[in-house]
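Visitor: Encoded as structure tokens, here's the structure I'll be asking about.
The values are calculated or read from the model by the stated rules, or taken from the named source; none is laboratory data. Please read all numbers here as calculations on a predicted model, not as lab measurements. We place every Cβ from the backbone using ideal geometry, glycine too, and count neighbours over all the protein chains shown. Accessible surface areas use protein heavy atoms only, side chains included; no ligands, DNA or RNA. Shrake-Rupley method; radii C 1.70, N 1.55, O 1.52, S 1.80 Å.
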Amino acid sequence: MGWAIRTGPSRSDGSLDACLRVFGSEHPDTFVARSNLAYVLEERGEYVEAICLHERNLTDRLRVLGADHPDTRAGQDALAHAQAVLQPGGVFGNLFRRVRSGGSPNP
């Protein structure tokens with residue numbers, strides 16, 4: 001579904017709900033819709049909600065796609081970035097730098 005590439009659904013447009021209804025919670029298009037909503041929330045400054053969506057997405061991607069899939073790595077990056085914004089010099093900032101440099105999210 002090309003429409004889902006970082007255009008970011010608003011909370012009210014129902015893209016994530018539609019994907020959940022049509023594809024289910026473990027479909028790659030649903031992961032994209034959830035990521036897009038998380039990015040919109042980040043842009044609005046709603047980082048705690050965005051982080052919750054990124055965490056859910058990463059958990060699902062790890063289970064469905066595996067740790068080495070590019071979308072899973074992108075999900076790790078997105079989560080680490082959102083966390084780093086909330087705590088730039090702390091644990092999450094270090095996690096973001098580690099993931100961005102191609103390292104494992106686990107120390």
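Visitor: Does R56 satisfy the condition of being of a type in the set (K, R), open to solvent by 70 Å² or more (accessible area, probe 1.4 Å), in contact with a helix residue (DSSP H, G or I) (Cβ under 8 Å, 6 or more places away or on another chain) and free of Cβ contacts under 8 Å to residues at least 40 places away in the same chain?
Guide: On the way: of a type in the set (K, R): yes; open to solvent by 70 Å² or more (accessible area, probe 1.4 Å): yes; in contact with a helix residue (DSSP H, G or I) (Cβ under 8 Å, 6 or more places away or on another chain): yes; free of Cβ contacts under 8 Å to residues at least 40 places away in the same chain: yes.
The answer is yes for R56.
Visitor: Just the residues that are open to solvent by less than 70 Å² (accessible area, probe 1.4 Å) and within 15 Å of R61 (Cβ to Cβ), please, taken from segment 17-26.
Guide: C19, G24, S25
Visitor: Suppose we filter D71, D29 for residues that are within 25 Å of S101 (Cβ to Cβ) and either open to solvent by 30 Å² or more (accessible area, probe 1.4 Å) or among the small types (G, A, S) (or both); which single one remains?
Guide: Working: D29 fails: within 25 Å of S101 (Cβ to Cβ).
The match here is D71.
Visitor: If I ask for residues that are over 19 Å from G24 (Cα atoms), among the aliphatic types (A, V, I, L, M) and at pLDDT 90 or above, which ones from segment 52-107 would you list?
Guide: Pass one, segment 52-107, residues over 19 Å from G24 (Cα atoms): 67-70, 73-74, 76-107.
Pick out the ones that are also among the aliphatic types (A, V, I, L, M) and you get 67, 74, 78-80, 82, 84-86, 91, 95, 99.
The answer is A67, A74, A78, L79.
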